[in-house]
Amino acid sequence: MNASISISEKISEFLKNVEQHSDLNAFITINSELDSLAAISDERIAAGLARPLEGVTVAVKDNISIKGMQLTCGSKILNGFQPLYNATVVELLTDAGALMVAKTNMDEFAMGSSNETSYFGPVRNPHNKQCVPGGSSGGSAVAVAAGICDVALGSDTGGSIRQPAAFCGVYGFKPTYGRVSRYGLTAFASSLDQIGIFSNNITDMRNVFRVIAKHDKFDSTSHVNAAFNEDANTNGNANTNGNANGNANTEPLAEIRVGKLAEKYLVGCAPEIISAYNAMLQDMVQRGCVVEEVLLPNIETWIPTYFILATAEASSNLARFDGVRYGNRVGDGTSDFITDSRTDGFGEEVKRRIMLGTYVLSSGYYDAYYKKAQQARRLISNAYATMFTTVDVLALPTTPTTAFPIGDKTADVVSMWLSDLYTVSANIAGIPAISIPYGKDGKGLPIGLQLQSAMFTDEMLLDVAEQITLACAT
Amino acid sequence: MKSGYEAVIGLEVHAQLKTESKAFCSCPTVYGAQPNVNVCPICLGHPGTLPVLNENLVAFAVRMGLATNCSIREHSTFSRKNYFYPDLPKGYQISQYSDPICYNGWVEIETDAGEKNIGITRIHMEEDAGKSIHDLDIDTLVDLNRSGIPLIEIVSEPDIRTAHEAYQYLLGIRQTLVFLGICDGNLEEGSLRCDANVSVRKKGDTHLNTKSEVKNLNSFRNVEKAIGYEIDRQIALMEDGNEVQHQTMMWDAGSGKTKVMRSKEEAHDYRYFAEPDLLGVTVDSVMIEKQTGLIPELGLQKKRRFMLEYGLPAYDAAILTDDVQLALYYEEACQALSERSEEACKMVSNWILTELMREMSEKKVNIRETGIGAAQLASLVDVVANGSISHKVAKEILPDMFGSDVTAQQIIKERGLEQVSDESTIKELVAQVLLVNAESVEKLKQGKTNLFGFLVGQALKASGGSANPSVVCSIMKEALEMEVGE
């Protein structure tokens, strides 16, 4: 965040960048009132009344409601829809002086891992324009990676922030479920959805999280203790950073217990990702971390559990897009037009997931699929809870590969879904997780590695991520 | 019902709750507003909105559960009931499914064969859908003012055996809801709605046959008629050797028939699953205690007390206790009587059931708006009971009491209407009348006994209506016997 220029200049710069990078297709809508908003920020700064995020440019994924700016969710079905209210995160950020500069492109209704399912066309990876940026928050990742915005908001249901962050070489953080209000986030899978942040450094990430982590009475699943905890320390379970003898230790990572995956869990990973993973763990050992292999007994259940729960909830959440009150309407009749409007308005991937979700909830199949997935979810959460009694942080890759070429996986749905292996479990368990940029592969594409920790240890997770960044930079 | 058969009936009653705001948003719940005025992004199902539970919905459901002898579930959850319809904004209704907040209760009804308990399977909380208006020429219109209005659904056990029992049960449920102050109980406006599950079997059978569900029962009379029709229809099918189909039937009040709305194959699969946007509902002992304290004396209880305490016949007691206001008014009036005898209490009831209720229905007002206070009515009963005026005179002065606060005593005094009961005065009057009507007296002596009434009438007339009729009667009788005896 460059403080040497005025906010108005910063906004002109932003608009120029948007123009210059239009081929990346990162944005769907640009805020038309930026000039006056920037002027207000400049006045406040001049008057010494700058707010915590004064003039910070924020790109907002287009499934988050901003009053008066069209909301598309990357879909045709919301054609022409203008939201009547601000999402809670938008209110909080605006009150803190941040500028909601644009709405970003995304996979339709956040369903996708490559940003290729958007009705507004694919987003391109700034590191290689033939490659996907990841998804579903592809536009938000690119807006930050290309330096167009300071930070961006995304939503993460099964990795939709962390995976594009990894592909684009930026930080992507999914907080603990319940720490950031979902009010105003168009639901994909309500029990898994979480708004999170893209940034180029941990300082920006922390500053934004400090503002948006807040209990919200409009979201019943928002936690009463959602607020940022300034006292939380790097060493998750102690207030002072000391060793067993009580002597002060200057190494911030000392005695952080890190869990690593056994090699068999990395079988599908690209060799360069495995190398980066091992390098990070090595560095952590050198910095005084205690690294040990952990058991993840039910890793094979992660993907099926995720896709059953996510599609079941989605089939219900997306029922409101019926052409009755807003959006795309095709056909007539008392209710035939609902079928026609949905057939016309939804894309292939969304239809696929609605059908799957409808199927797993149907009478006669509910017990075999949805109920079983609920049970598996409990087992996964329990396994995580048990694991976090022995380690503070779990390290794992964010993705099995780096960014792949546009069009490469669109025909192979299952392989696309399987690429979410390392990200879905954090949503299933509700825990915080962050993807950290950790070098590049031979093709110059960014590698992202992931850290996860126990529920409500988000502050500690950010601190650890910050330390690893410092090591990576040296 | 044809003999040899028995009907098995269960009712599902939906009651709109009188909370200030909707179930999951802060929109008002008032009835009769312009269409689509009491709405917000939440009850319109706009993207990104989330439900927040109205605590009063829980409180009212618990109150009804306690009043119907239900067990109250400490932890219950909400579920989504998924189906598409233009008046259902989210494409699902937030409801309860496997763990309703109240379960396993009962209510008592009075039937022709005596008292009977009807089991309550469950009471669960949910939100109402909007309203589709099909009967306009232009198109189907949707009004979402109703979307998100809190409801409870009260599901009975299949304990009901006749259409009349179903009617009695529904009356009882309605009365309880109204007495608890949680529902208007208005079937016509739709604040109370009822579906019936009906099957028939041979008397003595214990198994349940295939049932049909009857919908669109929008008045108490229609509930009884539709169920009666459906029972007869099913018996006729069985008599002809046909099977009853599992169907949803629509009652058509115009033709007085039920018609097939949809078959089992067309039935919805609602794909219930736990509502992820809401936490579970916890009912603690503090709430139970508070809601128990808010339950007043209910219908049958009150009716029986009225019979016992005021010596009223069942008919009077039932009518007076059907309406909380009426019951309260009655008790106030009895309290205000200068001498509270069973006769006087029955007279109070008579006045309310005839003159006052006529006034209420003519002017479409409630008892409090008739313009005559309970104490005023008591004063009127007092003066009739103590013989100050006749019932006839009382009826004449009643209209003058409406809209004023004068007592009957004051009116009598002002107009000199007091009855004359003094025996010597009346003896003189009677002697006069017998003298003037000597011819009639002669005929009476010869056996024309019906002339006695004529003579009494003449005496009352001569007094200008002020003579106490019963005193006149007995003195007249005495005088005539003396003459006969001679």
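In table form, for the structure just shown:
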{"read-out": "Tally of residues being within 11 Å of chain B (Cβ to nearest Cβ) and either closer than 23 Å to A:SER113 by Cα or of a type in the set (D, E, K, R) (or both) across region A:355-365", "value": "4"}
{"read-out": "Options A:LEU84, A:LEU93: the member that is farther than 27 Å from A:ARG352 by Cβ and crowded, with 24+ Cβ neighbours inside 10 Å", "value": "A:LEU93"}
{"read-out": "Residue ID - nearest to B:TYR315 (Cα to Cα), chosen from residues in region B:337-395 that are among the charged types (D, E, K, R) and open to solvent by less than 60 Å² (accessible area, probe 1.4 Å)", "value": "B:GLU355"}
{"read-out": "Matching residues in region A:162-208 - criterion: being polar (S, T, N, Q), open to solvent by less than 10 Å² (accessible area, probe 1.4 Å) and away from every other protein chain (no Cβ under 14 Å)", "value": "A:GLN163, A:THR176, A:SER199"}
{"read-out": "Test result for A:GLY158, open to solvent by 10 Å² or more (accessible area, probe 1.4 Å), away from chain B (no Cβ under 14 Å) and small (Gly, Ala, Ser)", "value": "no"}
{"read-out": "Condition broken by A:SER275, with the remaining ones in (1) part of a loop (DSSP other than H, G, I, E, B); (2) open to solvent by 40 Å² or more (accessible area, probe 1.4 Å) satisfied", "value": "(1)"}
{"read-out": "Spans of helices (runs of 4 or more DSSP H) in region A:372-474 with at least 2 residues under 21 Å from A:VAL123 (Cβ atoms)", "value": "A:413-418"}
{"read-out": "A:VAL58 vs. criteria within 14 Å of another protein chain (Cβ to nearest Cβ) and touching a residue at least 12 places away in the same chain (Cβ under 8 Å)", "value": "no"}
{"read-out": "Complete set of residues in region B:407-431 that are open to solvent by 40 Å² or more (accessible area, probe 1.4 Å), in contact with a helix residue (DSSP H, G or I) (Cβ under 8 Å, 6 or more places away or on another chain) and not in a helix (DSSP H, G or I)", "value": "B:THR407, B:LEU417, B:GLU418, B:VAL420, B:SER421"}
{"read-out": "Residue in region B:161-183 that is in contact (Cβ under 8 Å) with a residue 24 or more places away in the chain, closer than 15 Å to B:LYS2 by Cβ and surrounded by 21 or more Cβ atoms within 10 Å (Cβ to Cβ) present", "value": "yes"}
{"read-out": "Count of residues meeting criterion [in a helix (DSSP H, G or I), open to solvent by 10 Å² or more (accessible area, probe 1.4 Å), within 13 Å of chain B (Cβ to nearest Cβ) and in contact (Cβ under 8 Å) with a residue 60 or more places away in the chain] in region A:312-354", "value": "1"}
{"read-out": "Members of region B:51-80 found to be crowded, with 21+ Cβ neighbours inside 10 Å, under 15 Å from B:ALA274 (Cβ atoms) and within 14 Å of chain A (Cβ to nearest Cβ), listed by number", "value": "B:PRO51, B:PHE78, B:SER79, B:ARG80"}
{"read-out": "Residue in region A:84-99 that is of a type in the set (Gly, Ala, Ser), within 14 Å of chain B (Cβ to nearest Cβ) and more than 14 Å from the chain's Cα centre (by Cα) present", "value": "yes"}
{"read-out": "Condition met for B:MET287 (at pLDDT below 95 and among the aliphatic types (A, V, I, L, M))", "value": "no"}
{"read-out": "Residues satisfying the stated conditions in region A:393-410, i.e. among the polar types (S, T, N, Q) and buried (at least 20 other Cβ atoms within 10 Å of the Cβ)", "value": "A:THR398, A:THR399, A:THR402"}
{"read-out": "Residue satisfying condition, being more than 18 Å from A:SER6 (Cα to Cα) and in contact (Cβ under 8 Å) with a residue 24 or more places away in the chain, within set A:ALA87, A:ALA39, A:ALA98, A:ALA50", "value": "A:ALA87"}
{"read-out": "The lone exception for A:GLY323 - which of (1) modelled with pLDDT under 95; (2) over 18 Å from A:PHE109 (Cβ atoms); (3) touching a Ser or Thr at 6+ places or on another chain (Cβ under 8 Å) it fails", "value": "(2)"}
{"read-out": "Spans of helices (runs of 4 or more DSSP H) in region B:282-401 with at least 3 residues within 24 Å of B:ASN117 (Cβ to Cβ)", "value": "B:285-293, B:299-310, B:314-321"}
{"read-out": "Exclusive hit being within 30 Å of A:THR339 (Cα to Cα), within 12 Å of chain A (Cβ to nearest Cβ) and crowded, with 21+ Cβ neighbours inside 10 Å, set B:TYR97, B:TYR92", "value": "B:TYR92"}
{"read-out": "Residues (out of contact with any Ser or Thr (no Cβ under 9 Å at 6 or more places or on another chain) and within 14 Å of chain A (Cβ to nearest Cβ)) located in region B:100-138", "value": "B:ASP135, B:LEU136, B:ILE138"}
{"read-out": "A:PRO52 vs. criteria of a type outside the set (Asp, Glu), within 24 Å of A:ALA213 (Cβ to Cβ) and more than 14 Å from every other protein chain (Cβ to nearest Cβ)", "value": "yes"}
{"read-out": "Candidates B:GLN34, B:GLN16 - the one that is closer than 15 Å to B:GLY130 by Cα, more than 14 Å from chain A (Cβ to nearest Cβ) and crowded, with 17+ Cβ neighbours inside 10 Å", "value": "B:GLN16"}
{"read-out": "Exclusive hit being more than 14 Å from chain B (Cβ to nearest Cβ) and of a type outside the set (Gly, Ala, Ser), set A:LEU309, A:LEU295", "value": "A:LEU295"}
{"read-out": "From A:GLU293, A:GLU263, A:GLU300, residue being closer than 30 Å to A:LEU356 by Cα and open to solvent by 20 Å² or more (accessible area, probe 1.4 Å)", "value": "A:GLU300"}
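Residue-wise test of (1) open to solvent by less than 30 Å² (accessible area, probe 1.4 Å); (2) at pLDDT below 95; (3) hydrophobic (A, V, I, L, M, F, W, C).
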site: A:PHE14; (1), (2), (3): yes, no, yes
site: A:ALA26; (1), (2), (3): yes, no, yes
site: A:LEU37; (1), (2), (3): no, no, yes
site: A:ASP42; (1), (2), (3): no, no, no
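The values are calculated or read from the model by the stated rules, or taken from the named source; none is laboratory data. Remember, it's a predicted structure, so these values are computed and weren't measured experimentally. Note: ideal-geometry Cβ built from the backbone for every residue, glycine included; neighbour counts use all protein chains shown. Protein only, heavy atoms only, side chains kept; ligands, DNA and RNA dropped before computing areas. Shrake-Rupley method; radii C 1.70, N 1.55, O 1.52, S 1.80 Å.
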